[in-house]
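Below: one structure, written as structure tokens.
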Amino acid sequence: MKLLITGKLADRSLLNHIYPITLLDEIDEIMVVRDTKGIKTNKVNYYCPPSWSLKFIPLAFAFKFIIMIYLSIYKKPSLVHGYLLFPHATIAFIVSKLTGRKVGTSLIAGPVELYAGGSPIGNYTYCTPLPELNLRAKFFKWMLNHSHLITVTGSYTRNILTSIGISENKIVVLPHVIDDNFEMKKVDKEYDLIFVGRLAKVKHVDVLVKAAQIITGNYPNLKVAIVGDGECRPKLEKISEKLGLNGNVYFAGYQKNVWEWYNKAKFSVLTSEREGFPYSVVESLKCGVPVITSNCGDVQDLIEDGYNGIIIKIYDDYKSFADKIINMLDDEKRVEEYSFNSVESMKDINNENIASIWREIINSFKRA
């Protein structure tokens, strides 16, 4: 059995998505159409447009479309699958209809993919009800209803899709896996709090900085590590300096060995207005580091409030973040308990279990 896949994912993210599929005996080949070749992996072959065409985005897409048509006709994949609704899953959908193949879509960013491209701010927060379907969303609803498979990263996204009339029978919850470097290690805790991720507007890291300023009233020696880079870093550094936090908040920038940084912290913080399936939460929990997070979507399937972390209802409520963090810092035994629970809660998120979900998907195609 062959699969044809397209999507603009970073190498590491792509590997996390497709590696469990390579473990299946039923799979002979996974054909990946993308701009450049990715990490070499068993059963995976990459098909890319000419490198010169990448300077002209419409031309590169035209090449990828032609490549997918060719592969769909001559390689006869059992599934043509796209990651992100637009443009990749849309191209996969068109190719499948032209060549008579089954088609699937992975909504890895959550229901915002229905409404808007890119990363809009403020209008589609996952801690508040989403607006009525716009024209774009109605088109993608039609497309999903005429697809054979929809994978989502958690129950929040699944429930949104079923609420707008998409059949639950074609929706499969498919968490992401991460590499084995993320594990709990016995090291000294240098930081009270850590944030790991892009310093982008949608992450609202300023909420953490503002919360830190309140926390220093109880814990003057509070240490916060912000690991990552992005367009918001200069602004965040200015906010930190203005609030007098230069001795408390450390901007570490991009780091390759982020598993070591998690292990240096007591717990991690996520202040996003929305997330698909936040790698940072899984990574943190795998390292035995509890998470205090906003109620930002499918994270509800990962964090059980009062067990392995805490969920804050509204992403920009920095006072609630501060209060909950102070409560945690006041109770070392509670942090230790949450840390143990964090590791326990991640035992089912592994390559073998994700592979078994894909096996059931493939078997359902055989039965159809």
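Please treat every number below as a calculation from the coordinates, not as lab data. Model, not experiment: these values are computed from the prediction. Quick reminder, even Gly has a Cβ in these numbers, built from the backbone with ideal geometry, and neighbours come from all protein chains shown.
Secondary-structure-derived ellipticity at 222 nm for the chain, considering helices only, amounts to -11500 deg cm²/dmol, per-run term -39500 (n - 2.57) for DSSP H runs with n ≥ 4. Comparing mean-square fluctuations of S53, S320, S155 from a GNM of the chain with C-alpha springs under 10 Å, the top value falls on S53.
Based on Cα contacts under 8 Å between residues 6+ apart, the chain shows a relative contact order of 15 percent.
The aspartates and glutamates within cross-link reach of K238, meaning a Cα-to-Cα straight distance under 17 Å and a gap of 8 or more places when in the same chain, are D206, D229. Which residue, N248, N263, V335, has the largest displacement toward the positive end of the dipole of region 191-345 when charges sit on each Cβ (Lys, Arg +1; Asp, Glu -1)? Farthest along the dipole direction, towards plus: N248. Ranking P49, L14, G82 by how far each Cα lies toward the positive end of the dipole of the chain (charges on Cβ) leaves P49 at the top.
What the phi angles of region 140-153 give under the Karplus curve with 6.51, -1.76 and 1.60, with θ = phi - 60°, is a coupling list of 5, 4, 4, 5, 5, 5, 9, 9, 9, 8, 10, 9, 10, 9 Hz, glycine and proline written as x. Applying 1/(1 + (r/R0)^6) with r as the Cβ-Cβ distance of E241 and D179 and R0 = 35 angstrom yields a FRET efficiency of 0.50. Distance between the pseudo-spin-label points of D305 and I94 (7 Å out from Cα toward the beta carbon): 4.4 nm.
I need the calculated FRET efficiency for the pair L54 and E360, taking r as the beta carbon distance and R₀ as 30 Å, to the nearest 0.05.
Numbers: r = 37 Å, r/R0 = 1.23.
So the FRET efficiency works out to roughly 0.25.
Against the chain, whose longest principal axis is taken from its Cα atoms, helix 233-242 shows a tilt of about 10°.
Over 24 Å between Cα atoms: which of K37/K64; K185/K242; K8/K266 fall into that group?
On the way: K37/K64 13 Å; K185/K242 35 Å; K8/K266 34 Å.
In this structure, K185/K242; K8/K266 lie more than 24 Å apart at Cα.
Extending 7 Å from the Cα toward the beta-carbon at both N353 and S163 defines two label points whose distance is 2.6 nm.
Across region 305-329, the residues whose backbone nitrogen lies under 17 Å from the label position 7 Å along the beta-carbon direction of V343 are 308-309.
Our summary of shape: the Cα atoms of region 108-192 have principal axis extents of 52, 30, 20 Å, ordered from largest down, in whole angstrom.
What is the helix-to-structure angle for 318-329, meaning the angle in degrees between its Cα long axis and the longest Cα principal axis of the chain, kept from 0 to 90 and rounded to the nearest 10? Compared with the principal axis, the helix lies near 70 degrees. Here the Karplus relation 6.51 cos²θ - 1.76 cosθ + 1.60, evaluated at θ = phi - 60°, turns the backbone of region 20-25 into coupling constants of x, 5, 5, 6, 7, 5 Hz, with x for every Gly and Pro. Modelled spin-label separation between N218 and H146, with each label point placed 7 Å from Cα along the Cα-to-Cβ direction: 5.6 nm.
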